[in-house]
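In what follows, a single structure is set out as structure tokens and then discussed.
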Ligand code: PEP
């Protein structure tokens, strides 16, 4: 059965108690949804440990929203891979457009973080996406190919089997986001797939999960997931409350 990755980044929205209440509901739901769905949640750092405990024995994977690439050091306010590994984190979201926009993260930083995650056996979920200006100037594919190449620099074919990619066009994300046309998403995902095959060969290149994210809603998620080479959805607002997320999960 082909795997479908469905997950959500809570950004800076839920407290520990809110996150635990959500997790308890999702755990119940996870028991009834189709088994080919790989479910993951990405809470804030403060909630990771209690949620790890709450998820004990559950199929839901746990991710972190960011991390530093160094194991330890004088980096006030940062969290290291060693610290996340101690909690038992499954995947690390890297390079979300808000990290790039507000904290000046670039592809070279993300590449260091990818290597750090892999060293600790945590799966990097690398976010890439073009801006509206880049799209309007017709350079989306060039931008995405470069992001992919730099973020994955020196990642071996063996390591690449643990990587996940999320395509999140910057103009489609968040309150002011404009949902992308499903055909456009399909075209970009096929392009990204070709790039991954060029980088890692047919077998591994075809197997790296390619998720789509950006204003995924109840009225459009099926159109996205039906596109060839869309292997999952990275969902923001629609997944933050169980009323809408449960509808999405039950209809997959
Ligand atoms: C996101 O910010 O990564 C995202 C997908 O958000 P939303 O679904 O709310 O647009």
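Of note:
- A straight chain from residue 132 to residue 36 at 0.36 nm per residue would run longer than the Cα-Cα distance by 31.2 nm.
- Residue separation of residue 198 and residue 176 scaled by 0.36 nm, minus their Cα-Cα distance, works out to 4.5 nm of gained length.
- For peptides 95-104, 109-118, sequence by mean Cβ density within 10 Å, most packed first: 109-118, 95-104
- Separation of the stretch 170-245 and the stretch 126-164, taken as the distance between their Cα centroids, equals 14 angstrom.
- With all projection directions averaged, the alpha carbon convex hull of the chain covers 12.8 nm².
- With neighbour counts taken as other beta-carbon atoms within 10 Å, the residues 1, 122 rank, fewest first, as 1, 122.
- Pair residue 146, residue 183: separation of 7 Å Cα→Cβ label points (nm): 2.8 nm
- Label-to-label distance, nm, for residues given as residue 16 and residue 28 (7 Å Cα→Cβ offset): 2.3 nm
- Global form of the stretch 128-252, assessed from the alpha-carbon gyration tensor, a/c cut-off 1.5: oblate
- Fully extended contour minus Cα-Cα distance, from residue 244 to residue 207, at 0.36 nm per residue: 10.4 nm
Quick note: the coordinates plus some simple rules give every number you see, no bench work behind them. Keep in mind the model is a prediction, meaning the values are calculated, not measured. Positions of Cβ are backbone-derived with ideal geometry, glycine not excepted, and every protein chain shown enters the neighbour counts.
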